Amino acid sequence: MSRTAENYRGYNFAYLDEQTKRMIRRAILKAIAIPGYQVPFASREMPMPYGWGTGGVQVTAAILGPTDVLKVIDQGADDTTNAVSIRQFFEKTAGVETTTETEKATVIQTRHRIPEAKLQAHQVLVYQVPIPEPLRFLEPRETETRTLHALAEYGLMHVRLYEDIAQHGHIAKTYAYPVLVADRYVMDPSPIPKFDNPKMHESAALQLFGAGREKRIYAIPPHTKVVSLDFEDHPFEATKFDQPCALCGATDSYLDEVITDDRGGRMFVCSDTHHCETRRAEGHVGTLGTPVTEAAE
Amino acid sequence: MTNLSASPLLVAEGLSKFYGLRIGCRNVSFALEPGEVLAIVGESGSGKTTLLNLLSGQLAPDAGAVRYRMRDGETKNLLDLTEAERRFLARTDWGFVHQDARNGLRMGVSAGGNIGERLMGVGDRHYGRIRETAQGWLSRVEIDISRIDDKPTQFSGGMRQRLQIARNLVTHPRLVFMDEPTGGLDVSVQARLLDLIRGLVADLGLAVVLVTHDLSVARLLSHRILVMKDGHVIEAGLTDRVLDDPQEAYTQLLVSSVLAA
């Protein structure tokens, strides 16, 4: 953990060379200046396959400094393969301190979740984005989607929501739910559950989005209006759960379904592992949880 | 129906378009009054479609201008409009009915969504109201409203064409461009579609620029005809006059080539 980059002389600090970081920082600055606008950038090959967070990793590498504290989550969890390997990647190449505690981190790279704890002004949230273009599956031509963004012609996005209501009786999209940023650009918030959408609104933390394969960076600056698209008679509703977390009893967090055996047994637990652990350490116990005691340590 | 006191809705002034050395169309001028149906006829390659694309702002002319009287009464040159204004015009005040409905419809989106798209495009955000309007238009173009959630891929050619018309008319445009709207349909379906178009045009007071090679379609729908050959307008006049008493040799050939049923 305390290794410094000098131990790895073969690498520049945080893997990318300084010219590349400069290029990415310029893209980030432009993205912050135009909230929700997708800025093209010269995405590099990273030592991981596309789809594993190459965009997020490049953004993180470009903003990381030696004193930063990094947290990486994958579907809210600090302990899954993607999260562990990206955390180790930056431990090795940047020598930065890493953490699983949301409050301690200054940079949080995430795949598909926003932490439950409210983010603060000194924190940056970096999203890994597979498909940055919210209109992509409605309009395959990039030239056309760019024109639609330029002219703010977003009727098409509502056609998609209309189709959902016509088919299912409600807006069935539960993740990557499109939002309007600062009353101007329609943006794909990456495949986070729509449960997390309200957290983007007026967030104190800077939010950066990196799509490596699609070569796009976009951003939501702190305290920016972010509105989930909807119809007047079918307003946006964040997902609600009809039961609390089985381990910590939280009723206000996003839950994952975990299959516990091959006879239909299942439990619903917080997807944000740090949130769940913190609550259990505070003495909250769910229906299937065991109290955290001194003896258990 | 035609208000003669008002100024023309659309004016073409010396429109020319060249594809390299080839002529797309050359020095075409005419005026279209509100509520008037103008047919552009001629054989394949005579420049009909080029002219239609010039008029609808999809192609930029090499010479000439297209002037359009906006809803606020001001006449503007289409070339002077910004792209945003032109696109807004195209999805509110205009309609475009393609020969192949696949080019004019979203095939992956239900009939209701297809009709509602323009409404949502101009800011309607009320699902119930959009759906109600879509149902109204479906019945108006004689499509069973139980088909509202079916995709156009499940529709017959004639139904697709009627859906395309409904999709275009939902914002109450004043001008509709039609490119061979009955092409590729069998005659009985054609006849019903023509009936429908004729009814809608009369009810809504639509101005139409209709491109067709089918003289009987032109006779049925249009008030005036332009005959094109090799990119030039060789004859223009009232439909009945042109078709009953053609002056140019080529028009005479065209008229005499129609098979008597």
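The values are calculated or read from the model by the stated rules, or taken from the named source; none is laboratory data. In this text the structure is predicted, and so the values were computed from the model without any measurement. Heads up, the Cβs are rebuilt from the backbone with ideal geometry, glycines too, and the neighbour counts pull from every protein chain shown.
Considering every residue within the range B:240-260, establish whether at least one is under 30 Å from B:G123 (Cβ atoms) and buried (at least 22 other Cβ atoms within 10 Å of the Cβ). So that I can check it myself, show each step before the final result.
Residues of the range B:240-260 that are under 30 Å from B:G123 (Cβ atoms), as a first pass: none.
No; the residues of the range B:240-260 include none that is under 30 Å from B:G123 (Cβ atoms) and buried (at least 22 other Cβ atoms within 10 Å of the Cβ).
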Check: If we keep just the residues of the range B:126-138 that are in contact with a helix residue (DSSP H, G or I) (Cβ under 7 Å, 6 or more places away or on another chain) and closer than 16 Å to A:L161 by Cα, which is nearest to the other protein chains (Cβ to nearest Cβ)?
Finding: B:Y127
Check: Taking into account only those residues within the range B:100-119 that are farther than 16 Å from A:E232 by Cα and either touching a Ser or Thr at 6+ places or on another chain (Cβ under 8 Å) or surrounded by fewer than 18 Cβ atoms within 10 Å (Cβ to Cβ) (or both), which is farthest from the other protein chains (Cβ to nearest Cβ)?
Finding: B:D100
Notebook entry, point to check: For the range A:160-176, how many residues are under 24 Å from the mean Cα position of the chain (by Cα) and farther than 24 Å from A:Q75 by Cβ?
Noted result: 2
Notebook entry, point to check: Could you say whether any residue in the range A:243-254 is within 14 Å of chain B (Cβ to nearest Cβ), farther than 30 Å from A:R25 by Cα, in contact (Cβ under 8 Å) with a residue 40 or more places away in the chain and of a type in the set (F, W, Y)?
Noted result: no
Checklist line | Residue check for B:R91: within 30 Å of A:H168 (Cα to Cα) and in contact with a Gly (Cβ under 6 Å, 6 or more places away or on another chain) | finding: yes
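Would you mind finding the one in B:V122, B:V141 that is among the hydrophobic types (A, V, I, L, M, F, W, C), within 13 Å of chain A (Cβ to nearest Cβ) and in contact (Cβ under 8 Å) with a residue 24 or more places away in the chain? Don't jump to the end; show me each part of the working.
Working: B:V141 fails: within 13 Å of chain A (Cβ to nearest Cβ).
Only one candidate passes the filter, namely B:V122.
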Margin query: With the structure loaded, tell me whether B:L59 is assigned to a loop (DSSP other than H, G, I, E, B) and touching a helix residue (DSSP H, G or I) at 6+ places or on another chain (Cβ under 8 Å) or whether it fails that test.
Written below: yes
Next item on the list: Among the candidates B:T251, B:T239, B:T212, single out the residue that is more than 14 Å from the chain's Cα centre (by Cα), under 23 Å from B:H98 (Cα atoms) and among the hydroxyl-bearing types (S, T, Y).
Entry: B:T239
Margin query: I'd like the full set of residues that are modelled with pLDDT under 95 and among the β-branched types (V, I, T), limited to the range B:130-144.
Written below: B:V141, B:I143
Next item on the list: Kindly indicate whether A:D183 is without any contact (Cβ under 8 Å) to a residue 60 or more places away in the chain, charged (D, E, K, R), within 14 Å of chain B (Cβ to nearest Cβ) and farther than 24 Å from A:T99 by Cα.
Entry: yes
Check: What residue, among those in the range B:234-261 that are among the hydroxyl-bearing types (S, T, Y) and over 17 Å from B:A39 (Cα atoms), is modelled with the highest pLDDT?
Finding: B:S256
Next item on the list: Return yes or no: is B:G183 within 17 Å of the chain's Cα centre (by Cα) and part of a loop (DSSP other than H, G, I, E, B)?
Entry: yes
Item checked: Criterion violated by A:Y177 - all others in (1) under 30 Å from B:S146 (Cα atoms); (2) surrounded by fewer than 18 Cβ atoms within 10 Å (Cβ to Cβ); (3) more than 14 Å from chain B (Cβ to nearest Cβ) satisfied -> (2)
Next item on the list: Hey, could you check the range B:19-51 for residues that are touching a helix residue (DSSP H, G or I) at 6+ places or on another chain (Cβ under 9 Å), not in a loop (DSSP other than H, G, I, E, B) and not aliphatic (A, V, I, L, M) and say which is farthest from B:P181 (Cα to Cα)?
Entry: B:Y19
Next item on the list: Identify the single condition in (1) surrounded by fewer than 20 Cβ atoms within 10 Å (Cβ to Cβ); (2) part of a helix (DSSP H, G or I); (3) polar (S, T, N, Q) that B:T171 does not satisfy, given that it satisfies every other one.
Entry: (2)
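State whether the residues of the range B:138-158 include one that is in contact with a strand residue (DSSP E or B) (Cβ under 9 Å, 6 or more places away or on another chain) and part of a helix (DSSP H, G or I). First the steps, then the outcome.
Step one: of the range B:138-158, the residues in contact with a strand residue (DSSP E or B) (Cβ under 9 Å, 6 or more places away or on another chain) are none.
No.
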